[in-house]
Amino acid sequence: MAIPESLQCGRFTLSFERPLVMGILNVTPDSFSDGGKYAVRGEAIRQAERMMLDGVDIIDIGGESTRPGAPPVPLDEELERVIPLVEALHGAKVPLSIDTYKPEVMRHALSAGADLINDIWGFRMPGAIDAVRDSACGLCVMHMLGEPQTMQLGEPAYQDVVAEVRAFLEDQIATLQAAGIAKNRISVDPGFGFGKAMVEHNYALLAHLPDTAPRAEKPYPVLAGMSRKSMLGAVTGRTTPSDRVAASVAAAVCAASRGAAIIRVHDVAQTVDALKVWAAMRDAMRRG
Ligand code: YH5
């Protein structure tokens with residue numbers, strides 16, 4: 001499989017000789033103690049330090065829970081959660097990604113030194129493209145059918161989920177490039193769990209991961225985010241997300257073997273170990 005183009009990512013240029021691990025840092029009161037915003041902030045910083053010791057490649061900071069049914073977070077609340085963390089972690093030697101679809105959060109995060117904007121809306125919100133255009137930040141363009149509050153309520157319907165996800169990403173990338181955003185700033189993501197039927201669509205996307213990305217001579221880096229998601233509960237019977245660590249690690253290895261460039265996970269240490277074993281096997285296969 002061809003190695004994707006390197007990704008310009010703010011202060012960093014990421015290359016993909018091995019899959020990179022993106023660690024999820026949720027800065028939401030429900031993901032930490034209810035001891036107030038400073039307690040939440042302190043715990044988030046400690047968790048980021050833990051991830052760095054565990055070998056994380058990118059830290060993905062999110063101030064809004066995008067689980068199906070979760071209420072939207074007001075702009076000022078999201079800013080108050082995310083920006084202080086970007087400032088606190090900016091001195092660390094690891095790229096900082098911001099999981100947001102709000103243009104105002106993008107702008108403030110980039111001013112504070114964020115390196116990558118990870119947008120589950122794929123930069124479709126009015127003003128999102130303008131917010132990232134004049135920076136050197138990386139972009140992750142994700143596919144989502146419907147909206148977070150409602151996407152899993154009806155039955156998501158596709159004729160051909162892989163082709164439709166790719167067509168959306170191709171369109172959105174054409175729009176981004178027409179706005180002047182360089183190709184080497186763009187990564188793509190099929191959006192596991194975002195308006196996909198649990199088993200049928202999510203596993204088709206995993207099996208055909210390289211075909212979800214826009215066709216190009218130098219492939220776009222593909223990000224895969226399956227960690228602890230319901231698609232793993234659906235096949236293991238585990239209803240509690242924190243019981244899905246082994247399933248998440250297996251999914252990460254599957255994604256690596258299907259060419260994923262970046263793998264977004266909660267459990268950094270376990271995933272880093274598993275991917276080292278996978279990479280050793282891949283290197284032995286290359287030796288013949
Ligand atoms: C993603 O796939 N996902 S937020 C439901 C869960 C567990 C985890 C328990 N941001 C992605 O992580 N960004 C999120 O069930 C993302 N790709 C990118 N690029 C949802 C999440 C989660 C949801």
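The values are calculated or read from the model by the stated rules, or taken from the named source; none is laboratory data. For clarity, every value in this text was computed on a predicted model and none was experimentally measured. Neighbour counts are summed over all protein chains in view; Cβ atoms, including those assigned to glycine, are modelled from backbone coordinates with ideal geometry.
Here's a check for you: in segment 181-205, which residue that is at positive phi and either among the acidic types (Asp, Glu) or within 11 Å of the ligand (Cβ to nearest atom) (or both) is modelled with the highest pLDDT? This residue is Gly191. For segment 88-106, a tally of residues being away from the ligand (no atom under 16 Å from the Cβ) and crowded, with 19+ Cβ neighbours inside 10 Å returns 2.
Of all residues in segment 119-163, those satisfying the criterion of being at pLDDT 95 or above, among the small types (Gly, Ala, Ser) and more than 11 Å from the ligand (Cβ to nearest atom) are Gly127, Ala128, Ala131, Ser135, Ala136, Gly138, Ala163.
Do you know which residues across segment 111-131 are under 21 Å from Asp57 (Cβ atoms) and either surrounded by 24 or more Cβ atoms within 10 Å (Cβ to Cβ) or free of Cβ contacts under 8 Å to residues at least 40 places away in the same chain (or both)? Ala112, Ala114, Asp115, Leu116, Ile117, Asn118, Asp119, listed by residue number. Taking the criterion of being away from the ligand (no atom under 13 Å from the Cβ), surrounded by 17 or more Cβ atoms within 10 Å (Cβ to Cβ), under 19 Å from Ile263 (Cβ atoms) and of a type in the set (Gly, Ala, Ser), the only residue of segment 18-75 that qualifies is Ala48. Of all positions in segment 66-85, none carries a residue that is within 15 Å of the chain's Cα centre (by Cα) and at pLDDT 95 or above. When segment 89-111 is filtered for residues that are part of a loop (DSSP other than H, G, I, E, B) and within 17 Å of Glu64 (Cβ to Cβ), the ones remaining, listed by number, are Thr100, Tyr101, Lys102. Restricted to segment 206-288, the set of helices (runs of 4 or more DSSP H) holding at least 1 residues that are farther than 17 Å from Val188 by Cα and away from the ligand (no atom under 16 Å from the Cβ) comprises 245-257, 268-287. The set of residues in segment 166-205 that are among the aromatic types (Phe, Trp, Tyr) and either out of contact with any Leu (no Cβ under 9 Å at 6 or more places or on another chain) or in a helix (DSSP H, G or I) (or both) comprises Phe168, Tyr203.
Within the set Ala274, Ala216, Ala251, the sole residue that is farther than 20 Å from Arg50 by Cα and at pLDDT 95 or above turns out to be Ala251.
With respect to (1) under 30 Å from Asp211 (Cα atoms); (2) among the small types (Gly, Ala, Ser); (3) touching a residue at least 40 places away in the same chain (Cβ under 8 Å); (4) away from the ligand (no atom under 16 Å from the Cβ), the lone exception for Ser15 is condition (3).
In segment 199-225, the residues that are under 18 Å from Ala251 (Cβ atoms) reach residues that are of a type in the set (Asp, Glu) and assigned to a strand (DSSP E or B) with C-beta atoms within less than 8 angstrom, at least six apart or across chains, in these pairs: Val222/Asp189; Leu223/Asp189; Ala224/Asp189; Gly225/Asp189.
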